[in-house]
């Protein structure tokens, strides 16, 4: 059954049925409900790509991200894609590989393309955002997510990085850590500074003195990063807790701990931002701050479509913050709460 | 310094310098060497996006893949992208989410778009490939990678799935396994059947009788998959080795083993195809067959560009097979080779 046949069956116009199925504000709630219920009863399947096929024009959104080999950006793309398909848009993917020069080149390139809008998450080298201001001034619809710039007045979708940073740090403190290091990839990045501010707030709340020697911003290759972590953890006076603001720094820490024969969580506890489905199977399982990555993709796309549909500015939220979740696992277990499952308990009487 | 200035400096035409830098066959080897050496001396930086900026036309490649939240497809996209950027092409990404209906809808959709070529890896539901034959007959340049169809006469880039399947199985046998299960996601898929044929070959070579009750093709949701694995591993007569043809089946196995308190590798050994950088940090570290995913992306894009540049058919290989690597870790360790590092050894004299 196609849309035309469904419209005939319901004795409504093609356009009414089509709009009702797309939840258009032009159709009354009663009609929308009627059409949606009937469509379900008649087992009518929407062809997700029908509107693109019909419109023939190449409605395209550019998604500019640092990398694609990442458990966070993958589900974000899924979220963006799910809405793009519903709306009949194509996705073009551009990777900056965390290089500002590539980001600038890409923004120049896509200005010359007939693109409908741009979704972007900044490279970790980006501090000057003149190239993005240019896009904004040319009135190209633009939405930021996760790694945002406060300088540009367009919709921004983030998670509650400040609160999550604070929650992660408090979790380490509550489980006995007294000397907590903060690992990030770049202080330029909004996510890294927000998470760090949350970390500092938690330290203050618990009367732990801020120690700038425990705040690390790692740049460069993996080998270099591991070298720095090794130097830190090989010290006598090493931290007893690590809060990694991105997953790869936690995995590097795991590898260094394995080399140095340091036990996680007994010698050092680790918590990290991560969306990996493998967190549960790591050795030990990793306590994570998990971001609602898919939902973030959906919300980002939804904001962009509001710009494209020229909704009233008041209907377009400037900032949306989604909540992340702390998932407690073994990498932050209290050292005194031994896991008895593997110990033989001997009953005895006095 | 831009290209024009470089050409002036070298006293050559703009077009000669441009072609020499792009390694064009129209320029002599001597001239190419001269230009490349001089460009380096003068510290001339190629703008990777310059050719797109100049050409103004929207040179676009569609990349149709099952999913993007995956440690294999991520680096493949990186490989494709690296060459696309060099050649001045844009990438459009389409996700089938392993649904044949979406794959068909996407192929219809992209026929109506002015696309230059298509790179595809099949959904796990695809057995009939009429929709792709249609693209091929319309002379739309088409290249398959990894999950290919033998039915369509276009370039195909794979890894040595048959040999790797055999190598993985022999590795389990050599480490003491006698009853080895094979896990895959769909027998339709070329990769799954090739890897299975390798598995069967290894069993035969070692005089182990093929047992069809040990060959599993899992479909459906994660919960269902884990239920089936749980049923298998809770049996008294459970397998002592598992060869997972895709990573997610190994992680599901890890999770089920943790629930059932089965020790990997002592109770059951696990080997899997995986490109995850976390394999080393899993509990226990996972023995993997690691595919050259980035190189596969480069080779796939290179084959497509040969089609686009209308190279002589004889210069376009129909099939390229890249070698995967077996990376031995703890999940397949022989049960008799205990790890003494965690055991106190007491010296004593007789």
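The values are calculated or read from the model by the stated rules, or taken from the named source; none is laboratory data. Predicted model only: the values in this text are computed from it and were never measured. Cβ coordinates were reconstructed from backbone atoms using ideal geometry, including for glycine residues, and neighbour counts include every protein chain displayed.
Within region A:1-33, the set of residues being under 23 Å from residue A:85 (Cβ atoms) and part of a loop (DSSP other than H, G, I, E, B) comprises A:1, A:2, A:22, A:23, A:24, A:25, A:26, A:27. The criterion of being surrounded by 19 or more Cβ atoms within 10 Å (Cβ to Cβ) and either at positive phi or modelled with pLDDT of 95 or more (or both) holds for residue B:233. None of B:205, B:226 is within 14 Å of another protein chain (Cβ to nearest Cβ), modelled with pLDDT of 95 or more and surrounded by fewer than 19 Cβ atoms within 10 Å (Cβ to Cβ) except B:226.
Among the residues of region B:183-193, those identified as part of a helix (DSSP H, G or I) and surrounded by fewer than 21 Cβ atoms within 10 Å (Cβ to Cβ) are B:190, B:193.
Checked against (1) at pLDDT 95 or above; (2) assigned to a helix (DSSP H, G or I); (3) closer than 30 Å to residue B:114 by Cβ, residue A:168 meets all criteria but (3).
Could you please give the count of residues in region A:229-246 that are over 21 Å from residue A:163 (Cα atoms) and either within 14 Å of chain B (Cβ to nearest Cβ) or outside any helix (DSSP H, G or I) (or both)?
Looking only at that region, the number is 7.
Close Cβ contacts (under 7 Å, 6 or more residues apart or on different chains) running from residues in region B:200-223 that are in a strand (DSSP E or B) to residues that are surrounded by fewer than 15 Cβ atoms within 10 Å (Cβ to Cβ) comprise B:217/B:187.
The residue that is farthest from the other protein chains (Cβ to nearest Cβ), counting only those in region B:102-136 that are within 19 Å of the chain's Cα centre (by Cα) and closer than 18 Å to residue B:59 by Cα, is B:120. Residues that are touching a strand residue (DSSP E or B) at 6+ places or on another chain (Cβ under 9 Å) and within 7 Å of chain A (Cβ to nearest Cβ) within region B:67-101 comprise B:68, B:77, B:78, B:81, B:90, B:91, B:92, B:93, B:95, listed in sequence order. Could you please let me know if residue B:178 is out of contact with any helix residue (DSSP H, G or I) (no Cβ under 9 Å at 6 or more places or on another chain) and assigned to a loop (DSSP other than H, G, I, E, B)? Judged against the criteria, residue B:178 is a match. The set of residues in region B:150-160 being over 14 Å from the mean Cα position of the chain (by Cα) and either crowded, with 21+ Cβ neighbours inside 10 Å or outside the structural domain of residue B:310 (by TED's automatic domain parsing) (or both) consists of B:154, B:155.
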